[in-house]
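Below: the structure, in structure tokens.
The values are calculated or read from the model by the stated rules, or taken from the named source; none is laboratory data. Predicted model, so just to flag it, every value in this text is computed and none were measured. All Cβ positions, glycine included, derive from the backbone under ideal geometry; neighbour counts span all protein chains shown. Surface areas here come from the heavy atoms of the whole protein model, side chains and all, with no ligands, DNA or RNA. Shrake-Rupley method; radii C 1.70, N 1.55, O 1.52, S 1.80 Å.
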Amino acid sequence: MKDSNNQEQRREFIRKGFKFGLVATAGGVLLTKYLSTSASASESEEMVELMTTEGDLVKVPKSELQEHHNASAYNPREGFADKKFVMVVDLAKCKNARKCQEACNKGHYITGENAWLKIYKMQESKETSPYWMPTQCQHCDKPPCVKVCPVDATFKRRDGIVLIDNERCIGCRFCMAACPYSVRVFNWEEPKQEEQASAEPYTPDFCGKPSVKGTVDKCDFCPHQTIKGEMPFCVKACPNDVFAFGDMYEDAVTNGSGTTFKLSELLKERGAHRLMESLGTEPSVYYLPPVDRTDDFEVGLENYTPYESVKKDTEL
Amino acid sequence: MKDYDKIVQDLAPKKFGFWGKIWVTLLCVIAAFAMYAYYQQLSQGLVITHMRDYSLWGVYISNFVFFVAISLVGSLVTAILRLSGANWATPLTRISEVIAVAAIVMAGLTIIIDMGRPERFYNLFIHGRLQSPIIWDVLVITTYLFISLLLLFFPLLPDFSILKKYFKDKPKLSNWYNRLSLKWKGDDRQVKIYNKSIYTLSVLIIPVAFGIHTVTAWLFATTYRPGWDSSNFGPYFIAGAFVAGAGAVVSVMFVLRKAYHLEDYITDFHFDKMGKLLVLLCLVYLYFNVNEYLVPAYKTTEEEADHLKELFVGDYAPMFWIVIVFGLIVPVIALLFKKGRKPLPVFIIGLFVVVGAWWKRYLIVTPTLLHPFLPVEGVPKEWHHYFPTGLEWTITIGTLSGALLIITLLFRYLPVIPIHETIEELEAKHQLKAQKNEK
């Protein structure tokens with residue numbers, strides 16, 4: 001509760017007419033000097049609007065910016081020290097287009113029936129309207145899967161991402177039993193991955209590269225994309241801007257078409273929730289309720305295949 | 001001393017007869033088939049089973065729970081009954097300890113069979129994390145195996161020494177018994193250590209036995225899944241384990257009595273006693289079953305209701321009711337009659353109980369997994385159901401016959417009835433008689 005007051009002030013501050021500017025997301029841009037220097041800068045210099053960690057907008061000359069890739073310090077098991085990845089899924093926009101799933105499957109070389117991203121046809125009760133709900137790993141802050149893993153094969157990084165080390169996993173599937181969101185899949189047989197990018201050494205932060213027989217796979221929140229300054233596959237592929245992805249510390253999420261939202265504001269104004277909050281898993285994925293929908297629910301029925309997992313890469 | 005010779009003569013291990021050989025051959029053939037099936041699983045992956053992303057555990061895990069359950073009987077008969085002074089159970093101690101060892105060995109093997117990457121088993125030791133219930137299980141199962149082995153071995157020391165003399169004309173065999181007897185002479189000092197260690201082990205094994213089955217229950221109860229998410233699970237599993245174990249003991253002791261002609265040592269009296277014990281255990285287990293099903297059925301939260309409907313009136317209803325009625329209720333009723341506690345009826349009831357206990361574990365594992373929180377969607381139709389494949393059955397039956405094979409082979413070389421203790425009891429009886437006569 002102690003944060004809410006602080007956030008209230010921030011919101012007020014922005015409402016007072018400050019324009020909401022471009023925010024550097026992953027990859028990051030470091031603000032080297034503060035306003036004082038920008039004041040003395042010459043008029044002709046190009047200015048860039050940035051948001052500080054306090055949520056204030058400041059103008060700094062472009063020359064003062066320094067690209068800050070902390071790649072050397074990056075370790076796939078530890079993750080980024082100064083980030084906390086978060087995703088927002090707008091249920092009002094999802095039309096079951098399944099582009100997210102296709103892109104995810106393709107990007108992670110997923111074969112067989114093993115889609116990590118699933119779109120459910122949901123309906124809370126007969127009287128309420130149905131809606132489409134994409135789910136992937138919720139990257140819980142209290143992940144039940146990590147808790148039960150006997151060998152530390154599935155682990156939680158500092159930046160909030162939950163990953164699996166397929167070279168350590170013993171295939172006991174306890175994590176799958178523990179996960180209430182049914183997001184984990186198992187490689188029951190040798191994955192028939194044909195187009196494997198290259199013979200780079202294995203790293204757990206690119207799940208599916210390769211998938212290993214007898215081990216568990218799941219959504220990796222695409223750190224391999226973030227590190228390149230790109231959006232996760234699903235976010236980029238969604239034609240309806242359902243997904244927005246970003247860093248909680250920057251309080252900003254950006255959707256597929258590049259619009260950035262102030263996270264705290266978005267969650268409050270749209271009445272966001274997380275899945276099965278009562279279980280106490282504290283997911284990193286927020287859902288915006290399916291109200292004021294952009295399209296009819298029925299539109300999505302065209303792609304609805306209850307008994308088929310996915311369009312396979314070969315069909316793409 | 002005539003008594004002594006006769007007892008040793010009666011109780012010393014004997015070569016397999018005709019049926020014994022057939023029995024061992026049959027078990028070996030089944031085990032060979034199972035090994036072939038497991039080879040298939042190793043090369044192709046767990047895809048040869050019907051387990052899939054929803055039914056992510058199947059018959060292997062329920063079979064594992066069954067083995068752990070059976071193994072608890074070792075502590076029940078050898079420790080709990082021994083410590084509570086129920087001396088009538090002495091002739092059954094070795095049988096139950098051998099069953100316990102066989103079951104716990106096969107439990108360990110079964111859990112490895114279930115693993116997707118069995119060759120990485122060593123990761124449990126080099127990367128083990130204490131907060132995982134699987135690590136608790138690994139620790140407590142190994143501990144239990146060692147205590148069980150010791151509890152089987154120590155009481156055998158005097159018997160080995162007796163057998164060493166008995167098999168004098170077979171030097172090789174006699175030599176083995178000699179080595180195993182650890183120079184047992186039976187002097188006061190040895191007897192003192194012997195009694196003390198057995199007592200200590202009997203006390204030690206009880207918490208460990210409760211530990212193994214409670215932790216096994218927690219593999220399920222520590223998840224959120226409806227049907228598993230229950231604080232009743234630990235005691236519920238232990239109560240069920242005693243039922244399964246007692247059922248196994250009465251079944252095995254009937255067969256051994258027939259095979260080794262032990263009618264003078266395992267008498268109707270023992271079946272009567274075990275029958276009564278089984279009634280008590282079944283009633284306790286029924287009580288936990290009522291707890292386990294009635295309370296959620298009263299509330300019928302959405303998820304629990306789905307799960308319970310499936311068990312009570314859905315796809316699993318026939319199996320569920322057969323298990324409850326024939327695995328628990330009918331045994332209780334039958335065993336309440338004196339005629340029901342004669343050896344043959346007790347044997348048949350024991351088989352009912354054991355088979356029921358096996359399917360009960362299946363019912364605990366499978367239906368729950370098929371009812372997760374989110375709908376089962378976007379997966380092939382077959383993934384909505386689970387029933388083991390032929391290869392899965394072959395492997396499972398292979399593990400069961402593996403346990404029977406261990407029991408059979410151990411009793412080829414170990415006396416079914418503790419010889420030393422039988423003689424001691426006889427001597428005590430004689431002394432008592434002599435004292436009475438003097439008076």
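With N set to the residue count of segment A:85-315, report its C-alpha Rg divided by 2.2 N^0.38 Å to two decimal places.
Ratio of Rg to 2.2 N^0.38 Å for segment A:85-315: 0.98.
What is the diffusion coefficient of segment B:186-303 in µm²/s, taking the Kirkwood radius over Cα pairs and the Stokes-Einstein relation at 25 °C with a viscosity of 0.890 mPa s?
The calculation lands on 141 µm²/s.
Please give the length that would be gained between residue B:299 and residue B:24 if that part of the chain were fully extended, namely 0.36 nm times their separation in residues minus their C-alpha to C-alpha distance (nm, one decimal). It would help to have the intermediate numbers written out before the result.
Numbers: separation 275, 0.36 × 275 = 99.00 nm, distance 5.11 nm.
In short, 93.9 nm is gained.
Could you tell me which residue out of A:234, A:210, A:273 lies farthest along the dipole of segment A:148-277 toward its positive end? Charges go on the beta carbon: Lys and Arg +1, Asp and Glu -1, centred on the Cα centre.
Final value for the positive-end residue is A:273.
Quick one: what does P(r) look like for segment A:169-237 with 5 Å bins over all Cα pairs, in whole %?
Cα pair-distance distribution for segment A:169-237, in percent: 3, 14, 21, 25, 20, 13, 4, 0.
What FRET efficiency do you get for residue B:44 and residue B:322 if R0 is 45 Å and r is their Cβ-Cβ distance, rounded to the nearest 0.05?
The calculated FRET efficiency here is 0.85.
Please give me, ordered by residue number, the trypsin sites (Lys or Arg not before Pro) of segment A:92-183 that lie in loop per DSSP and have at most 12 other Cβ atoms within 10 Å.
Answer by residue number: A:126.
Sorted by accessible area (1.4 Å probe), largest first, how do B:373, B:271 line up? Kindly include the intermediate steps, with their values, before the conclusion.
Details: B:373 55, B:271 0 Å².
Of B:373, B:271, the descending order of accessible area is B:373, B:271.
Could you pull out the pairs from A:83/A:262; B:164/B:258; A:121/A:262; A:192/A:213; B:165/B:185 whose alpha carbons sit more than 18 Å apart here?
B:164/B:258; A:121/A:262
Compute, for residue A:49, the solvent-accessible surface of its heavy atoms (probe 1.4 Å) with the complete set of protein chains present, and express it in square angstrom to the nearest 10.
Residue A:49 has an accessible surface of roughly 60 Å² with all protein chains in place.
Please give, to one decimal in nm, the separation of the simple spin-label points placed at residue A:57 and residue B:384, each 7 Å out from Cα toward the Cβ.
Placing both labels 7 Å beyond Cα along the Cβ direction yields 5.3 nm.
Using a loss threshold of 50 Å², tell me which positions in segment A:169-188 are less accessible in the complex than in their chain alone. Probe radius 1.4 Å, ligands and nucleic acids ignored.
Residues losing area: A:170, A:173, A:174, A:177, A:182, A:188.
Quick one: the Cα spread of segment B:243-357 along its three principal axes, in angstroms, biggest first?
58, 22, 19
Probe 1.4 Å, all protein chains in place: accessible area of residue B:397 in Å², nearest 10?
Its heavy atoms expose roughly 80 Å² to the probe.
Connecting C-alpha atoms closer than 10 Å in a GNM of chain B, tell me which of B:151, B:374, B:173 has the biggest fluctuation.
Per the Cα network of chain B with a 10 Å cutoff, B:374 tops the list.
Hey, any idea what % of the protein assembly as shown's accessible area is carbon plus sulfur with a 1.4 Å probe? Don't skip to the end; give the middle numbers.
Working: 20900 of 34350 Å².
About 61 percent, which is the carbon plus sulfur part of the accessible surface.
If you place +1 on the Cβ of every Lys and Arg and -1 on the Cβ of every Asp and Glu, how big does the dipole about the Cα centre of segment B:2-423 come out, in debye to the nearest 20?
It works out to roughly 1900 debye.
Protein chains only, probe 1.4 Å: how do B:261, B:384, A:108 rank by accessible area, largest first?
Working: B:261 135, B:384 45, A:108 5 Å².
Output order, biggest surface exposure first: B:261, B:384, A:108.
Using a cut-off of 11 Å between beta-carbons, work out the net charge of the residues near residue B:41 (Lys and Arg +1, Asp and Glu -1, residue B:41 not included).
Counting the neighbours of residue B:41, the net charge comes to -3.
Over 21 Å, how big is the tail of the calculated P(r) for segment A:178-316, in percent of all Cα pairs?
Details: 5515 of 9591 pairs.
The proportion of pairs with Cα distances above 21 Å equals 58 percent.
Span-like helices, chain B: DSSP H, alpha-carbon axial extent 27 Å or more, mean Kyte-Doolittle -0.5 or greater, which ones?
On the way: long enough: B:18-44 (39 Å, 0.89); B:90-114 (36 Å, 1.60); B:133-153 (29 Å, 2.16); B:188-221 (49 Å, 0.78); B:233-260 (39 Å, 1.36); B:268-299 (46 Å, 0.58); B:343-369 (40 Å, 1.43); B:390-413 (34 Å, 1.27); B:419-438 (28 Å, -1.33).
The qualifying helices are B:18-44, B:90-114, B:133-153, B:188-221, B:233-260, B:268-299, B:343-369, B:390-413.
For a bin width of 10 Å, list the pair-distance distribution of segment A:61-220 built from all Cα-Cα distances, rounded to whole %.
In whole percents, the pair-distance histogram is 9, 33, 34, 17, 5, 1.
What spacing in nm lies between the two simple spin-label points modelled at residue A:158 and residue B:424, each 7 Å away from Cα in the Cβ direction?
About 6.3 nm separates the two model spin labels.
Calculate I(q)/I(0) for segment B:60-186 by the Debye formula, one identical point scatterer on each C-alpha and no solvent, and give its log10 at q = 0.11, 0.19 Å⁻¹ to two decimals.
Debye output, listed in q order: -0.53, -1.04.
With every protein chain left in place and a probe of 1.4 Å, what is the accessible surface of residue A:169, to the nearest 10 Å²?
10 Å²
If you take the charge dipole of segment B:2-423 about its Cα centre, with +1 on Lys and Arg Cβ and -1 on Asp and Glu Cβ, which of B:49, B:77, B:163 is farthest toward its positive end?
Final value for the positive-end residue is B:163.
Put +1 on the Cβ of every Lys and Arg and -1 on every Asp and Glu Cβ in the protein assembly as shown; which of B:380, B:203, B:262 then has its Cα farthest towards the positive end of the dipole?
Looking along the dipole axis, the top candidate is B:262.
Largest first, what is the accessible-area ranking of B:33, A:174 with a 1.4 Å probe?
Heavy-atom accessible area, descending, gives B:33, A:174.
So if I take the centroid of the Cα atoms in segment A:113-185 and the same for segment B:404-439, what is the distance between those two points in Å?
Taking the Cα centre of each part, segment A:113-185 and segment B:404-439 sit 58 Å apart.
Which Cys residues of the protein assembly as shown have no other Cys Cβ less than 4.7 Å away and so no disulfide-compatible partner by this rule?
Flagged as lacking a Cys partner: A:94, A:104, A:140, A:149, A:169, A:172, A:179, A:207, A:222, A:238, B:28, B:282.
Could you give the alpha-carbon Rg of segment B:308-377 over 2.2 N^0.38 Å, rounded to two decimals?
1.41
Gain in length, residue A:277 to residue A:296, computed as 0.36 nm per residue apart minus the alpha-carbon separation, to one decimal in nm?
4.1 nm
State the Kirkwood hydrodynamic radius of chain B in Å, one decimal place, computed from all pairs of distinct Cα atoms.
Here the Kirkwood hydrodynamic radius works out to 23.2 Å.
Add +1 for every Lys or Arg and -1 for every Asp or Glu among the other residues with Cβ under 14 Å from the Cβ of residue B:260, and state the total.
Result for the local shell: +3.
Taking loop as defined by DSSP and a crowding limit of 12 other beta carbons within 10 Å, which chymotrypsin sites (Phe, Trp or Tyr not before Pro) in segment B:93-183 fit?
B:122
Binning every alpha carbon pair distance of segment B:151-220 at 5 Å from zero, what are the percents per bin?
3, 16, 18, 15, 12, 11, 9, 7, 5, 2, 0
I want the local charge near residue B:70. Using Cβ-Cβ distances under 13 Å, sum +1 for each Lys or Arg and -1 for each Asp or Glu among the other residues.
Local net charge: +1.
Would you calculate the convex hull of the Cα atoms in the protein assembly as shown and tell me its volume per residue in Å³?
215 Å³
Please list B:345-354, A:131-140 highest first by mean number of surrounding beta-carbon atoms within 10 Å per residue.
Values: B:345-354: 21.7, A:131-140: 23.3.
Result, highest mean Cβ count within 10 Å first: A:131-140, B:345-354.
How far apart, in nanometres, would the label points at residue B:4 and residue B:258 be if each is projected 7 angstrom from Cα along the Cα-to-Cβ direction?
3.5 nm
At 1.306 mPa s and 10 °C, plugging the Kirkwood radius over alpha-carbon pairs of segment A:230-285 into Stokes-Einstein gives what diffusion coefficient in µm²/s?
Translational D for this selection: 131 µm²/s.
For segment B:1-118, what Kirkwood radius comes out of the mean inverse Cα-Cα distance, in Å?
Working: mean 1/r = 0.0569 Å⁻¹.
One decimal place: 17.6 Å for the Kirkwood radius.
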